[in-house]
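Let me begin by presenting the structure, written as structure tokens, before commenting on it.
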Amino acid sequence: MKTDNLKVLLVVLGVLVVGLGATSLMYYNKVKELKVNPQKISQEENQKIIDAVGKLVLLPEGEAPTIATVTDPEKLKGQQAFFARAAAGDKVLIYTGALKAIMYRPSENKIIEIAPLVIGNPNASAAPAPAPKTTENE
């Protein structure tokens, strides 16, 4: 009876050691891979976002977007109407060639906003137009 329990214990310990070794090897290889190509995780995350948004809306073809994360929505809400419904963690896909910006909320898997991208001097467009002058004819 004792030898059967000892055999079971040895088998369980052996399985645990092999499992722990395999897990350690997997993490070691992942860390090694990240040291060689540190941008790989960022690229994979960006591709997941692009794939998710692509299932919800037709994306411009032949162009890789610039992806930004909303960190301070209150600050952005005062600057542009595009960010009126923004929340922390939202992703903004910016397609400069197609002149399109898309706000995506990963937590809800929803497109929050799509807007045309205006590239130019933001100060010039934000300045109010001068009041028209009137002249009096006598």
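Since every read-out is calculated from the coordinates, none of them should be taken as a lab result. Everything quoted here is computed from the prediction, not taken from an experiment. When we count neighbours, we look across all protein chains shown, and the Cβ atoms used for this are built from the backbone with ideal geometry, even at glycine.
Note that region 34-42 has calculated 3J(HN,Hα) couplings of 5, 5, 6, 9, x, 7, 4, 4, 4 Hz, one per residue in order, obtained from phi through the Karplus relation 6.51 cos²θ - 1.76 cosθ + 1.60 (θ = phi - 60°); glycine and proline are x.
The string of couplings for region 98-115 from the Karplus curve (6.51, -1.76, 1.60, θ = phi - 60°) is 8, 6, 9, 10, 10, 9, 10, 10, x, 5, 10, 6, 10, 7, 8, 7, 10, 8 Hz, one whole number per residue in order, with x for Gly and Pro. Across region 74-89, rounded Karplus estimates of 3J(HN,Hα) from the backbone phi angles (6.51 cos²θ - 1.76 cosθ + 1.60, θ = phi - 60°) give 5, 5, 6, 4, x, 8, 9, 5, 4, 9, 4, 10, 6, 9, 4, x Hz, Gly and Pro being marked x. Report, to one decimal in Å, the Kirkwood hydrodynamic radius for the chain based on all distinct Cα pairs. One decimal place: 20.2 Å for the Kirkwood radius. If R0 is 30 Å, the Cβ-Cβ spacing of Leu13 and Gln47 corresponds to a FRET efficiency of close to 0.15.
Expressed as a fraction of 2.2 N^0.38 Å, the C-alpha radius of gyration for region 40-121 is 1.05.
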